[in-house]
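Taking it in order: structure first as structure tokens, then the write-up.
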Amino acid sequence: MTERLEPLIEHLPKAELHLHIEGTLEPEMMLALAKRNNVSLPYDTVEEIHAAYRFEGLQDFLDLYYAGMSVLVEARDFHDLTRAYLDKMAGQGVRHVEIFFDPQAHTDRGVAFETVLEGITGALEEGERELGITSKLIMCFLRHLPEEQAFEALECACRHKEHIHGVGLDSGEAGNPPEKFSRVYAAARDEGFVPVAHAGEEGPAEYVRTALDDLKVARVDHGNHALDDPALTARLAREQTPLTMCPLSNLRLKGIDRLEDHPVKRAMEAGLLVTVNSDDPSYFGGYINDNYTAVADAVGLSAGDVVTLAKNSFAASFLPDADKQAHIDAVDAHAERFAGDAD
Ligand code: HPA
Ligand code: ZN
């Protein structure tokens with residue numbers, strides 16, 4: 001199966017819609033930036049960092065994720081991080097990215113919001129100019145922190161609307177339900193930001209429901225546990241609210257015991273607009289094409305299913321309709337060429 005689908009997936013046009021830019025920090029870059037910025041880390045080698053990446057759950061990962069990003073200090077660090085990600089994506093058929101960043105994790109340790117934004121947006125502009133990859137930026141609120149601090153982040157975002165398309169919600173889900181941020185999201189929507197939120201990753205189906213009803217999200221990040229609730233599943237299918245699933249993340253954070261148990265195929269069969277993404281690829285052992293290949297192999301997706309996932313990635317994006325259609329046509333053209341070559 002893998003051998004058969006890998007060549008199709010390799011250059012299949014696709015969009016990545018669930019990617020934390022800080023989660024692309026590779027161990028090599030972490031060590032290099034620690035040196036450049038005089039930051040001390042609890043690791044000396046790439047091997048030690050890899051050895052530390054064994055997680056028992058989301059919180060376990062988040063502890064290392066926040067510690068790792070302490071090496072990101074100057075705008076050029078955020079630039080180099082983002083540029084390295086885009087360079088990788090250019091070789092994986094990725095034509096459009098909608099990426100998250102976590103400003104509170106940086107402002108909390110004295111790095112200015114503008115420093116973070118300058119570095120990321122500079123690289124995103126280069127990515128479009130030099131690599132032909134378009135992008136949108138989504139600012140996440142850290143849900144383990146108080147509402148008041150989310151309002152402060154929103155205030156910063158309001159000064160940079162030209163660079164920030166949407167708002168999201170990430171970090172520790174258990175005990176931090178979407179409705180904790182109902183008022184922040186109402187304010188963000190009033191300011192014109194498109195709302196998305198992580199829900200149903202470790203939290204229950206109910207958190208997906210309140211993300212829809214209270215936060216009025218346009219897209220659900222992960223959403224795995226929505227599948228536990230038939231009425232909610234039917235609603236997501238009816239309303240075609242996209243889910244941005246991340247198979248290798250779910251495996252590495254022990255949301256599932258085996259990739260064979262991943263709900264992506266069940267979600268597709270239930271008529272959901274589901275997409276496949278990488279979440280924090282440096283930490284979870286694979287970028288977007290690794291996620292497509294591994295999950296296709298594990299749950300037995302057909303070539304047609306893989307093509308549907310790539311089309312879904314554009315349909316679920318925040319691109320204008322005409323751009324979505326142009327990308328979807330390119331997916332079809334690629335799939336036809338591939339089928340021709342395979343004959
Ligand atoms: N879940 C929640 N918060 C996150 C994640 C995730 O997978 N990655 C970075 N922040
Ligand atoms: Zn995520």
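Note on residue 53 and residue 74: their simple-model spin labels are 2.6 nm apart, each label 7 Å out from Cα toward Cβ.
Among 62, 236, 248, the largest mean-square fluctuation in a Gaussian network model of the chain, built with springs joining Cα atoms closer than 10 Å, belongs to 62. When the chain is described by a simple charge dipole with +1 on each Lys and Arg Cβ and -1 on each Asp and Glu Cβ, the residue from 165, 18, 124 located farthest towards its positive end is 165. Of the peptides 212-224, 317-329, the order by per-residue mean of other Cβ atoms within 10 Å, starting with the highest, comes out as 212-224, 317-329. Structural descriptor for region 95-223: relative contact order 21 percent, calculated from alpha carbon pairs under 8 angstrom and at least 6 residues apart.
Rounded to the nearest Hz, the phi-derived 3J(HN,Hα) couplings of region 325-333 under the Karplus curve 6.51 cos²θ - 1.76 cosθ + 1.60 (θ = phi - 60°) are 5, 4, 5, 5, 4, 5, 4, 4, 4, where x marks glycine and proline. Determine, from the Cβ-Cβ distance of residue 329 and residue 302 and an R0 of 22 Å, the FRET efficiency 1/(1 + (r/R0)^6), rounded to the nearest 0.05. Between residue 329 and residue 302 the formula returns 0.60. Of the residues 91, 119, 168, the one that moves most in a GNM of the chain with alpha-carbon contacts below 10 Å is 91.
Residues in the chain average 39 Å² of solvent-accessible surface per residue, probe 1.4 Å, ligands and nucleic acids excluded. Per residue, the chain reaches -15000 deg cm²/dmol at 222 nm when only DSSP H runs of four or more residues are counted, each adding -39500 (n - 2.57).
For the listed peptides 125-135, 21-31, a ranking on the average number of other beta carbons within 10 Å per residue, highest first, reads 21-31, 125-135. With both labels modelled 7 Å from their Cα along Cα-to-Cβ, the residue 45 to residue 144 distance reads 3.0 nm.
Here residue 265 is the anchor, and the lysines within straight C-alpha reach of less than 19 Å, apart from those fewer than 8 places off in the same chain, are 14, 254, 311.
Accessible surface of region 270-324, 1.4 Å probe: 50 percent of it comes from carbon and sulfur atoms.
Averaging Cα coordinates gives a centre for region 124-175 and one for region 1-52; these two points are 20 Å apart. When a/c reaches 1.5 or more, the comparison of a/b and b/c decides; with that in mind, is the chain rounded, prolate or oblate per its Cα gyration tensor? Rounded, because the longest to shortest axis ratio a/c is under 1.5.
Per-residue 3J(HN,Hα) values for region 258-270, derived from phi via the Karplus relation 6.51 cos²θ - 1.76 cosθ + 1.60 with θ = phi - 60°, read 9, 4, 4, 8, 5, x, 4, 6, 4, 5, 5, 5, 7 Hz in sequence order (x marks Gly and Pro). In percent, rounded to a whole number, the relative contact order of the chain is 21, using alpha-carbon pairs under 8 Å and six or more apart.
For a quick check: with amide H placed at 1.01 Å from N, whose amide H comes under 5 Å from residue 222's, ignoring anything fewer than 5 positions away on the same chain? Amide H neighbours of residue 222: 244, 245.
Overall, region 2-342 carries a charge dipole of about 540 debye about its Cα centre when +1 sits on the Cβ of Lys and Arg and -1 on the Cβ of Asp and Glu, all other atoms neutral.
Modelled spin labels at residue 266 and residue 4, positioned 7 Å past Cα toward Cβ, are 2.4 nm from each other. Relative contact order of region 47-131, taken over Cα pairs closer than 8 Å and 6 or more residues apart, is 41 percent.
The values are calculated or read from the model by the stated rules, or taken from the named source; none is laboratory data. The shown structure was predicted, so the numbers you read here are calculated from the model rather than taken from an experiment. A quick note on method: Cβ atoms are made from the backbone with ideal geometry, for glycine too, and the neighbour counts reach across all protein chains shown. The area values use the complete protein model at the heavy-atom level, side chains included, leaving out ligands, DNA and RNA. Shrake-Rupley method; radii C 1.70, N 1.55, O 1.52, S 1.80 Å.
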